[in-house]
Amino acid sequence: MAILVIAEHDNQSIKAATLNTVSAAAKLGGDVHVLVAGAGCAAAAEAAAKVAGVAKVRVCDAPQYEAQTAENVAELVKGLAGGYSHVLAPATPAGKNMLPRVAALLDVAQISDIVAVESADTFVRPIYAGNALATVKSADAIKLITVRTTAFDAAEAGGNAAPVEAVAAAADLGVTALVGREIVKSARPELGAAKVIVSGGRGLGSGDNYHKLLEPLADKLGAALGASRAAVDAGYVPNDYQVGQTGKIVAPQLYIAVGISGAIQHLAGMKDSKVIVAINKDPEAPIFQVADYGLVADLFDAVPALVAAA
Amino acid sequence: MKILVPVKRVVDYNVKVRVKADGSGVDLANVKMSMNPFDEISVEEAVRLKEAGVATEVVAVSCGVGACQETLRAAMAIGADRGILVETDVELQPLAVAKLLKAVCDKEQPQLVICGKQAIDDDANQTGQMLAALAGWPQATFASKVTLADGKAAVTREIDGGLETLSVKLPAVMTTDLRLNEPRYATLPNIMKAKKKPLDTVKPADLGVDVAPRLATLKVAEPPKRSAGERVADVAQLIDKLKNVAKVI
């Protein structure tokens, strides 16, 4: 049977997380179909059709999917799911919001945040902030899965030309209305897809210091900016900067932790990074236990020096 | 308006759990248990809505073993008016909890259910969304701000890249994110008062819910260990390592 991947998109383009989810789907055995539900989303559907490994794109273009609310998208997916052995979405805020709703409507369990596929019904997922890995087996007829994107390579975004087929919209439930979005436009790479991440913690002392010190370093390295929960709680930066158990899970080539002590909840979000650098004045900080390169130094001296030398 | 707040008993935030040697799970013997941190935020928000005169009653619900009574007492010490324990020794998975909560909602008829966005033990992030689906209600997950008026909730949500505000018709389910509020510490008088507040116990069978697990855990293992690397003396050496050894910049 085929596998359905719910695309994350902005009607114009496909978000990178979709590519990792397609790779996870490819490990299950079966044709991979991608659902693009949006309004005026032909360009996103075209982009999905180019992704390597995709056998078919199903596009549902209707006004009620403009804001991609969980209620309406879940209703649509519920209607389509019967033809599939698995339904996958990335474990991003959007996927986490929508997919459990589909699972409940279908009366099946959801397997959240998988990091490995053992077989078509058995998966590995982290629990307790990544301090344990559980191997779980599903007995449900349809497996609903969210995918930890950092655990699967991105599928090639080009080169394919899968057929695109329109599907009929489900009823507009009309229970939720989007009032507005405040999206911070940034020239920096997305945190989830960045090759280099510069991340700051409470050691920075203030939001001003965070921006003054870390932005030049991020600019120099072409890096995304992240933060510990402590820095978010202290109001230095918005919540979507948060790396950790309850924030974003990242695995860049290089992760530079500045003034971050390294609580287990933070390590849960970044310990799969290829190279970890820690800059902290406390030589006992737990972050040094996972860092490839540890620099015990005052970050107010070390970071500007790093910017000057990098 | 009545608000229902589900609360989960989990391993305390500060405990680093150990995997059992036989791979059957994590070792929970003699480990400190507390209310799931996101559920504390939920209770706090519900109590603030009551203090602001928007809500009239805050009911805390916990599903699980008898010791979840402590979690309910903790919620009542923050300010919940009463507690309901759905008592079972069966391992509860999110779908089962959502079904139990749906049954409780059928009886209690709340206008708003405030759940934590995820529990810090199974990290599933499912229950609130599943409850909303089963009840046929709208949902507003990962909330950082909420205002209630005219039978609707305006909820600001944490999404990738920023925030979005939804207007959802009540009754609805909301799940809480970190920045919604900072939960208060329960005072000793309030902890004492909480002991006298009503706490009802029901069984899943009383609610007509089958709570049998759907997912079988085959094994639980330690994640691969990441070992500490080396200390560098200064910025120059760090740059050298990153450029010439790790080759990442």
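Values as computed for the structure displayed
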| item | result |
| --- | --- |
| Qualifying positions in region A:53-69 - within 14 Å of chain B (Cβ to nearest Cβ) and farther than 26 Å from A:A157 by Cβ | A:Q64, A:T69 |
| Matching residues in region B:229-249 - criterion: being of a type in the set (A, V, I, L, M), surrounded by fewer than 16 Cβ atoms within 10 Å (Cβ to Cβ) and either part of a loop (DSSP other than H, G, I, E, B) or within 7 Å of another protein chain (Cβ to nearest Cβ) (or both) | B:A233, B:A236 |
| Residue selected from region B:127-143 under the condition facing another protein chain (nearest Cβ under 7 Å) and not β-branched (V, I, T), by the criterion most open to solvent (accessible area, probe 1.4 Å) | B:L134 |
| Complete set of residues in region B:205-228 that are facing chain A (nearest Cβ under 9 Å), open to solvent by less than 40 Å² (accessible area, probe 1.4 Å) and either part of a helix (DSSP H, G or I) or without any contact (Cβ under 8 Å) to a residue 40 or more places away in the chain (or both) | B:P223 |
| Residue in region A:122-129 that is facing another protein chain (nearest Cβ under 10 Å), in a loop (DSSP other than H, G, I, E, B), under 29 Å from B:I120 (Cβ atoms) and open to solvent by 20 Å² or more (accessible area, probe 1.4 Å) present | yes |
| When residues of region A:161-187 are limited to those that are charged (D, E, K, R) and more than 24 Å from the chain's Cα centre (by Cα), the one most open to solvent (accessible area, probe 1.4 Å) | A:D172 |
| Unique residue being within 15 Å of B:D121 (Cα to Cα) and at pLDDT below 95 when the list is B:V7, B:V15, B:V11, B:V31 | B:V15 |
| Region A:175-190 residues that are over 19 Å from A:K220 (Cα atoms), paired with ones that are in a loop (DSSP other than H, G, I, E, B) and open to solvent by 70 Å² or more (accessible area, probe 1.4 Å) (beta carbon under 9 Å, 6 or more apart) | A:L178/A:E66 |
| Residue list for region A:281-298, restricted to those being more than 7 Å from chain B (Cβ to nearest Cβ) and within 18 Å of A:A251 (Cα to Cα) | A:I287 |
| Test: residue in region B:39-50 that is touching a strand residue (DSSP E or B) at 6+ places or on another chain (Cβ under 9 Å) and part of a loop (DSSP other than H, G, I, E, B) | no |
| In region A:188-213, the residues that are within 13 Å of chain B (Cβ to nearest Cβ) and open to solvent by 50 Å² or more (accessible area, probe 1.4 Å) | A:R188, A:P189, A:E190, A:A193, A:K195 |
| Positions within region B:80-103 being over 17 Å from the mean Cα position of the chain (by Cα) and in contact (Cβ under 8 Å) with a residue 60 or more places away in the chain, in sequence order | B:D81, B:R82, B:E87, B:T88, B:V90, B:A103 |
| Spans of helices (runs of 4 or more DSSP H) in region A:1-100 with at least 3 residues in contact with a helix residue (DSSP H, G or I) (Cβ under 6 Å, 6 or more places away or on another chain), crowded, with 20+ Cβ neighbours inside 10 Å and not assigned by the TED database to the domain that holds A:A251 | A:70-81 |
| Any hit, region B:75-89, residues being surrounded by 24 or more Cβ atoms within 10 Å (Cβ to Cβ) and within 14 Å of another protein chain (Cβ to nearest Cβ) | no |
| Extreme residue, nearest to B:T176 (Cα to Cα), among residues of region A:230-268 that are at pLDDT 95 or above and among the polar types (S, T, N, Q) | A:Q242 |
| Only one of B:R18, B:R9 that is of a type outside the set (A, V, I, L, M, F, W, C) and surrounded by fewer than 19 Cβ atoms within 10 Å (Cβ to Cβ) | B:R18 |
| Odd one out for A:V232, checked against (1) without any contact (Cβ under 8 Å) to a residue 24 or more places away in the chain; (2) under 22 Å from the mean Cα position of the chain (by Cα); (3) part of a loop (DSSP other than H, G, I, E, B) | (3) |
| Condition met for A:G158 (out of contact with any Pro (no Cβ under 9 Å at 6 or more places or on another chain), away from chain B (no Cβ under 13 Å), under 30 Å from A:D31 (Cα atoms) and surrounded by fewer than 17 Cβ atoms within 10 Å (Cβ to Cβ)) | yes |
| In region B:166-186, the residues that are open to solvent by 30 Å² or more (accessible area, probe 1.4 Å) and free of Cβ contacts under 8 Å to residues at least 40 places away in the same chain | B:K169, B:R179, B:Y185 |
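The values are calculated or read from the model by the stated rules, or taken from the named source; none is laboratory data. Bear in mind the structure is a predicted one, so any value in this text is a computation, not a measurement. Virtual Cβ from ideal backbone geometry, glycine too; neighbours counted across all protein chains shown. SASA here: full protein model, heavy atoms, side chains in, ligands and nucleic acids out. Shrake-Rupley method; radii C 1.70, N 1.55, O 1.52, S 1.80 Å.
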